[in-house]
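Quick notes on the structure that follows.
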Amino acid sequence: MSIAIQIRRTGGPEVIEVAEVRVGDPGAGEIRIRHQACGINFIDVYHRNGLYALPLPLTLGMEGAGVVEAVGEGVTHLKPGDRAAYASQPPGAYSEVRVMPAKCVVKLPDAISFEEGAAMMLKGLTVQYLLRKTQPQGGLQPGDFILFHAAAGGVGLIACQWARAMGVQLIGTAGSDEKCALALEHGASHVINYQRENFVERVKQITGGRGVKAVYDAVGKDTWDGSLDCLQPFGLMASYGNASGPVAPVALATLGAKGSLYVTRPTIFTHIATREATQAMADDLFGMVTSGKVKIRVDQRYALKDAAQAHVDLESRRTTGSSVLVP
């Protein structure tokens, strides 16, 4: 038997339970992996509270790192004993051992620890598809301004470093002076404490009234309207999360009035739909990390059984950088 963190109903952190489960052998196209670390992400909260509805009971978790124990028929890119990491559907990473599809699992370079691997896959691949693929008209060029909300979180700190490596001027928002300092330390060109500054006014000041070419926003409802006002004509609004709640329906005429704006709601799972795409994105991410251009900051570690506390801390915005569960 193996330990897994499950929910039988949706709700707050109190619905999280420690369960014993039986893990079998992998079938065709699958692997069995023993986790050394499991990543924690806001999408786990959406699964737990029912914002993103999934069948119950459900083992939470979308990313992890560990050692491959067995491979099923047709799996050729991994073998037993390989160090591996993933960000993948279906959920199930909050566990000691799991069987899962192999297509989104990649070998983890020896230079990257299991904790770093578990902390970086979903967040790092998210930054990869945002900054490399989800770009405004004309792409992102050195010197261009972008606005990145929640810049001191796990995704944000990777984005700060990645943008600096690209020569892009990232304006980051965060909820305290300490978090703003952390974003600056990791490569943000400018920071805005949204608790005491109007981020729209500050963006206009920083950019000389021009606005930014793109906004990358995982906050959702609370920042939507202001984010649109930060964009220059033909700018891109990329909404990839809902930490403050889902965005209300959008009147398309508003986008025209504010400068012929573009809006997209990307998800990582469209980008990692094939093994080839996942591997190419992971290679880019691993290259950024092993080169030292991006460092993965693991600021919170919890025992697997303490997943409920991890969710409390995440939702109360007490965390910085990335968090992991350790089986």
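The values are calculated or read from the model by the stated rules, or taken from the named source; none is laboratory data. Quick caveat, the model's predicted, so the values are computed rather than measured. Neighbour counts are summed over all protein chains in view; Cβ atoms, including those assigned to glycine, are modelled from backbone coordinates with ideal geometry.
Return yes when MET237 is on the phi < 0 side of the Ramachandran plot and assigned to a strand (DSSP E or B) and no when it is not.
Yes, satisfied.
On the basis of being in the same structural domain as GLN309 (by TED's automatic domain parsing), touching a Phe, Trp or Tyr at 6+ places or on another chain (Cβ under 7 Å) and not polar (S, T, N, Q), does LEU60 make the cut?
Working: in the same structural domain as GLN309 (by TED's automatic domain parsing): yes; touching a Phe, Trp or Tyr at 6+ places or on another chain (Cβ under 7 Å): yes; not polar (S, T, N, Q): yes.
Judged against the criteria, LEU60 is a match.
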remark   = Apart from one, (1) assigned by TED's automatic domain parsing to the domain that holds GLY72; (2) modelled with pLDDT of 95 or more all hold for GLY139; the odd one out is (1)
task = Scan region 1-53 for residues that are within 30 Å of GLY81 (Cβ to Cβ) and either in contact with a Cys (Cβ under 9 Å, 6 or more places away or on another chain) or in a strand (DSSP E or B) (or both) and report the count.
result = 19
note = Checked region 139-152 for anything more than 18 Å from the chain's Cα centre (by Cα), touching a residue at least 60 places away in the same chain (Cβ under 8 Å) and not in a strand (DSSP E or B); matches are LEU140, ASP144
inquiry  = Return the residues of region 194-226 that are part of a loop (DSSP other than H, G, I, E, B) and among the hydroxyl-bearing types (Ser, Thr, Tyr); say none if nothing qualifies.
reply    = TYR194, THR207, THR223
ask   = Out of all the residues in region 182-189, is one or more within 23 Å of VAL45 (Cβ to Cβ), crowded, with 16+ Cβ neighbours inside 10 Å and not hydrophobic (A, V, I, L, M, F, W, C)?
value = no
Members of region 81-124 found to be crowded, with 22+ Cβ neighbours inside 10 Å, among the hydroxyl-bearing types (Ser, Thr, Tyr) and modelled with pLDDT of 95 or more, listed by number = TYR86, TYR94, SER95
query = Of the residues that sit in region 95-130 and are within 16 Å of the chain's Cα centre (by Cα) and among the hydroxyl-bearing types (Ser, Thr, Tyr), which one is nearest to GLY64 (Cα to Cα)?
reply = THR126
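Residue under question is VAL21, and the condition is that it be over 29 Å from GLY124 (Cα atoms) and surrounded by 14 or more Cβ atoms within 10 Å (Cβ to Cβ); does it hold?
On the way: over 29 Å from GLY124 (Cα atoms): yes; surrounded by 14 or more Cβ atoms within 10 Å (Cβ to Cβ): yes.
Spelling it out, VAL21 is indeed over 29 Å from GLY124 (Cα atoms) and surrounded by 14 or more Cβ atoms within 10 Å (Cβ to Cβ).
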ask   = In region 314-326, how many residues are at pLDDT 95 or above and either over 15 Å from the mean Cα position of the chain (by Cα) or assigned to a helix (DSSP H, G or I) (or both)?
value = 2
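Of ARG297, ARG275, which residue is outside the structural domain of GLN195 (by TED's automatic domain parsing), in contact (Cβ under 8 Å) with a residue 60 or more places away in the chain and closer than 19 Å to THR173 by Cβ?
Working: ARG275 fails: closer than 19 Å to THR173 by Cβ.
One residue alone meets the criteria, ARG297.
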Output for region 248-293, where each listed residue is under 26 Å from SER323 (Cβ atoms) and touching a Phe, Trp or Tyr at 6+ places or on another chain (Cβ under 6 Å) = PRO266, HIS271
query = Within region 218-250, restricting attention to residues that are touching an Asp or Glu at 6+ places or on another chain (Cβ under 8 Å) and surrounded by 17 or more Cβ atoms within 10 Å (Cβ to Cβ), which residue is nearest to LEU314 (Cα to Cα)?
reply = GLY241
request  = Scan region 153-190 for residues that are without any contact (Cβ under 8 Å) to a residue 12 or more places away in the chain and among the small types (Gly, Ala, Ser) and report the count.
outcome  = 1
